[in-house]
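Here is the structure we will look at, set down as C-alpha cells.
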C-alpha cells in the first residue's frame with residue numbers, strides 16, 4: 001500500500017532560535033485514520049504547518065502520495081485538504097462563497113465548484129445557511145464549514161487539527177460518523193486532538209510527539225496493550241459503613257455509595273464481584289474511571305520528561 | 001490544461017476582490033466620489049475661477065485629469081493594502097497557501113483586484129467631472145495605458161505594504177505620510193513650470209508626477225515631462241515592485257513562519 005504521507009528527518013528552528021522539531025520521521029499509509037498526539041507546544045502544529053505549507057521547514061523532506069512538497073508542490077498540494085484548529089475563513093463572506101472560492105483556488109471551474117459545494121454543505125448540514133455570512137454561524141457550524149471547504153477539491157489526505165474543539169457531544173458524535181464515512185470511502189485522515197477518547201475511537205495508528213521528537217509510533221491496538229492496569233468505578237446499591245477489602249486489588253472509597261478499583265489486565269473482574277458479593281455488597285453499575293489512552297499518553301509524556309531530566 | 005487551472009485560480013482571486021469592494025461600496029466607492037466632488041466644487045469652481053488659465057486650459061479642465069489619477073492611485077493602493085492585510089489578519093491567507101497556486105498568480109490576482117477598484121473609482125470620478133467641465137480624449141491609447149499601468153504600480157505598492165504590516169496602523173502610515181504628500185506635490189493642482197528651479201528639479205524625483213502628466217497628456221495633450229520617459233519610468237516601477245513583491249512571497253515574509 002502506498003504512503004499517504006512521508007516525513008523524513010523533518011526539523012524546524014524558528015527565527016527566535018526555538019527548536020520546534022528535532023528530526024521527525026513518520027509514515028502514514030494510504031487509507032489510514034492516524035492520530036498525531038502530543039502535549040501543547042510539542043511540535044504537532046509545526047509539523048502540520050509544514051505539511052500544509054504554512055510553515056517553512058528548516059530541513060528534511062515531506063512527501064504527499066509520493067509527491068515531494070518542495071519540488072512537486074502543485075501535485076502534492078492537490079492531494080491535501082486541511083481543517084485548521086482556528087477559524088480562518090473570511091467571516092464576512094457568505095458560506096457558499098467561501099467553499100466555491102476555495103474550489104477555485106484549486107482550478108475547479110465555477111459550475112463544478114458550485115455543485116461540489118452544494119454536495120458537501122448538504123452533507124454537513126449547512127446548505128440552509130449557504131447565503132448567510134459566516135460570522136453568523138454557531139461554533140459547530142463554523143467547524144463544519146471548514147470541513148466542507150477542505151473537502152471541496154476532494155483531497156486524498158485530510159488533516160484535521162482539533163476538529164471537535166468546543167463542539168457539543170451530539171455534534172461531535174455526528175462528526176465522527178462523517179469522518180469514519182469519508183475514511184471508509186478512501187480518504188486518508190490525520191487527526192490531532194486533545195480528546196484522547198476521540199483518537200481511541202477513530203484512529204487505527206498513532207504517533208505521539210513530545211518536545212519535537214516522536215516518542216511513540218505504533219498501532220492503536222499495540223499501544224493500548226501496553227496498558228497493564230485499568231481503573232473502574234463501581235456504583236453500589238447501599239451505603240458502605242466501612243471500606244471493604246478485596247484481596248489482590250487496590251480499592252478506594254469515593255463516597256458512601258461508590259468505590260474505585262484497580263484491576264490488573266491479567267486478573268480479570270470475576271474475583272472482584274465474587275468477593276464483594278461475599279461481603280454483602282451489591283454492585284448496581286460499573287464504568288471506566290478514565291480513558292485508557294489518556295493514561296498511556298500521560299505516562300509516556302511523563303517518562304519522556306524524566307529521561308530528559310536524567311540526561 | 002495547467003494554464004486553464006491557473007487562470008481559474010487567478011480569476012477566483014480577482015472576482016473575490018471585486019466582490020469584496022462592491023459589497024462594502026459605502027466604504028470603497030462612495031467616499032472618493034464625495035471627496036472628488038468637493039475638490040471639483042472648491043478647487044475647480046470656487047478657487048479655480050479666480051486662478052484663471054493653466055497650461056492653456058481653464059483651471060477646472062487642467063486639474064480634472066490629476067484628480068481622476070489621484071483617485072485611481074489612492075484606491076488601487078488602498079484596496080490591496082487593506083484586503084491583503086485583512087487576509088493576513090483573519091488568517092484566511094492560509095486558504096491560498098495550502099492551495100496549489102503559484103505565488104505569481106496570487107500576486108497577479110491581488111494586483112488585478114486592486115487595479116479593478118482603482119479603475120472603477122476612476123470611471124466614477126470621470127463621470128462626476130463631466131458635471132463640472134468637458135473632457136475630450138486627445139490620445140486614447142496613452143490615456144488608457146497610463147491609467148492601467150498606474151493602477152498596477154500602486155496595487156503592487158499596496159501589496160508590499162500589506163506584507164510588511166503587522167497592525168492596522170502599519171497600513172495607514174504609508175498612504176498618510178508618503179502617498180498623499182507625493183500626490184499633492186505630483187502636479188495634480190499645478191504645472192511644475194510654476195515652481196522655482198530647485199523645486200522643479202526635486203519634483204522630477206516624484207514618480208506620481210510622471211503618471212499625472214502622462215494622463216493629462218492623454219486627455220488634454222499637454223505635459224510637463226517627456227511622455228516616452230514617463231512610460232519608461234512607470235514600467236520600470238512595475239518591474240522593480242513586482243520583483244520585490246515576488247521575493248517577499250517566495251521567502252514567505254510576513255505570511256509563513
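Counting only other chains, and only Cβ atoms inside 10 Å, what mean value do you get across the residues of A:93-106?
Shielding by partners across A:93-106 averages 5.
Taking 0.36 nm per residue of separation and subtracting the Cα-Cα distance, what length does fully extending residue B:35 through residue B:250 add?
Length difference between fully extended and current span is 73.6 nm.
Let me confirm one metric for peptide B:97-106, namely the mean number of other chain beta-carbon atoms within 10 Å of its residues' beta-carbons.
That average works out to 6.
If you build the convex hull over the alpha carbons only and average its shadow over all orientations, what do you get for segment A:147-271? Give it in nm² to one decimal.
That works out to 11.6 nm², a quarter of the Cα hull's surface.
For segment A:229-292, what are Rg and Dmax over the alpha carbons, in angstrom?
10.9, 31
If you take the Cα Rg of segment B:136-228 and divide it by 2.2 N^0.38 Å, with N the number of residues, what do you get?
1.21
How much FRET efficiency would the formula 1/(1 + (r/R0)^6) give for residue A:135 and residue A:178, where r is the Cβ-Cβ distance and R0 is 30 Å, rounded to 0.05?
The formula returns an efficiency of 0.80 here.
Compute the relative contact order of segment A:3-225 as a whole-number percentage, counting only Cα pairs closer than 8 Å that sit 6 or more residues apart in sequence.
28 percent
Which length gain, in nm to one decimal place, applies between residue A:25 and residue A:219 when the Cα-Cα distance is subtracted from 0.36 nm times their residue separation?
68.2 nm
Could the peptides B:94-103, B:201-210, A:209-218 be put in order, highest first, of the mean number of other beta-carbon atoms found within 10 Å of their residues?
B:94-103, A:209-218, B:201-210
Let me see the pair-distance distribution of chain B: every alpha carbon pair, 5 Å bin width, integer percents in order.
1, 6, 13, 17, 19, 16, 12, 8, 5, 3, 1, 0, 0
Once you sort the root eigenvalues of the Cα gyration tensor of segment A:45-200 as a ≥ b ≥ c, which label holds: rounded (a/c under 1.5), prolate (a/b larger than b/c) or oblate (the other case)?
Oblate is the answer for segment A:45-200, as a/c is 1.5 or above yet b/c matches or exceeds a/b.
Going by alpha carbons, how many degrees (0 to 90, nearest 10) lie between the helix axis of A:169-184 and the longest principal axis of chain A?
It is inclined by approximately 60 degrees.
Taking N as the number of residues in the protein assembly as shown, what value does Rg over Cα atoms divided by 2.2 N^0.38 Å take?
Cα-based Rg divided by the globular estimate yields 1.31.
When B:125, A:301 are ordered from fewest to most other Cβ atoms inside 10 Å of their Cβ, what list results?
Ordered from fewest to most neighbouring Cβ atoms within 10 Å, B:125, A:301 come out as A:301, B:125.
On full extension of the chain, what length is gained from residue A:273 through residue A:16, given 0.36 nm per residue of separation minus the C-alpha to C-alpha distance?
Length difference between fully extended and current span is 86.7 nm.
Going by how many other beta carbons lie within 10 Å of each one, how would you line up A:143, B:20, B:91, A:221, fewest first?
Listed from fewest to most nearby Cβ atoms, that is A:221, B:91, B:20, A:143.
Compute the helix-to-body angle for B:2-23: its Cα long axis versus the longest principal axis of chain B, expressed 0 to 90° and rounded to tens.
Taking the Cα atoms of chain B, the angle to B:2-23 is about 60 degrees.
What FRET efficiency do you get for residue A:122 and residue B:104 if R0 is 41 Å and r is their Cβ-Cβ distance, rounded to the nearest 0.05?
So, using R0 = 41 Å, E works out to roughly 0.70.
Tell me, what is a quarter of the convex hull surface for the C-alpha atoms of segment B:1-99, in nm² with one decimal?
Quarter of the Cα hull surface area: 9.0 nm².
On a 0 to 90° scale, report how tilted helix B:227-251 is relative to the longest principal axis of chain B, with both axes built from alpha carbons and the result rounded to the nearest 10.
Helix B:227-251 and the main axis of chain B meet at about 20 degrees.
Give me P(r) over chain A, computed from all C-alpha to C-alpha distances, binned every 10 Å, as integer percentages.
5, 23, 27, 21, 13, 8, 2, 0
What ranking, highest mean first, results for peptides A:182-188, A:119-125, A:168-174, B:114-120 when packing means the other Cβ atoms within 10 Å averaged over each residue?
With the highest mean Cβ count within 10 Å placed first, the list reads B:114-120, A:119-125, A:182-188, A:168-174.
How big is the convex hull of the Cα atoms of segment B:90-183, per residue, in Å³?
Measuring per residue, one finds 136 Å³ for the Cα hull of segment B:90-183.
What average count of beta carbons from other chains do you get within 10 Å of the Cβ of residues in B:8-15?
The mean count of partner-chain Cβ atoms within 10 Å per residue comes to 5.
Since every read-out is calculated from the coordinates, none of them should be taken as a lab result. These numbers come from a predicted model, not from an experiment. Cβ sites come from the backbone with ideal geometry, for glycine too, and all protein chains shown count toward neighbours.
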